[in-house]
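The values are calculated or read from the model by the stated rules, or taken from the named source; none is laboratory data. Quick caveat, the model's predicted, so the values are computed rather than measured. Methodologically, a virtual Cβ is constructed for each residue, glycine included, from the backbone with ideal geometry; neighbour enumeration extends over all protein chains shown.
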Amino acid sequence: MDLQSFGKILVALGVGIAVLGALVWVGGRLGLGSLPGDVRIEREGWGCYVPIASSIVLSLLLTLLLNLVIRLLRK
């Protein structure tokens, strides 16, 4: 692999991480992570957080987005 290909891969990874960070940031502002199905248990000295509802919503949105992208690429 030459340096140009490696550089392109690094740039693509960087852009992907930046997009993922922006999505997490926007999702947090829209209430993702504090939906009424997310379980939060806090005791003295420890805590546990299980984002069940947020995971389901995120899974549905990503499935719809991926299906749209696949359909557009097949045409």
Being surrounded by 10 or more Cβ atoms within 10 Å (Cβ to Cβ), part of a loop (DSSP other than H, G, I, E, B) and in contact (Cβ under 8 Å) with a residue 24 or more places away in the chain is the requirement here; does LEU32 meet it? yes
Can you find even one residue in segment 3-23 that is in a helix (DSSP H, G or I), at pLDDT 90 or above and among the charged types (D, E, K, R)? yes
Looking at segment 1-26, I want the residues that are under 15 Å from LEU58 (Cβ atoms) and have a partner that is part of a helix (DSSP H, G or I) and not charged (D, E, K, R) with Cβ atoms under 9 Å, at least 6 apart or on another chain. Which pairs are those? none
Residue list for segment 43-75, restricted to those being part of a helix (DSSP H, G or I), of a type in the set (Val, Ile, Thr) and in contact (Cβ under 8 Å) with a residue 12 or more places away in the chain: ILE52, ILE56, VAL57
Of the residues LEU68, LEU61, which single one is at pLDDT 90 or above and surrounded by 10 or more Cβ atoms within 10 Å (Cβ to Cβ)? LEU68
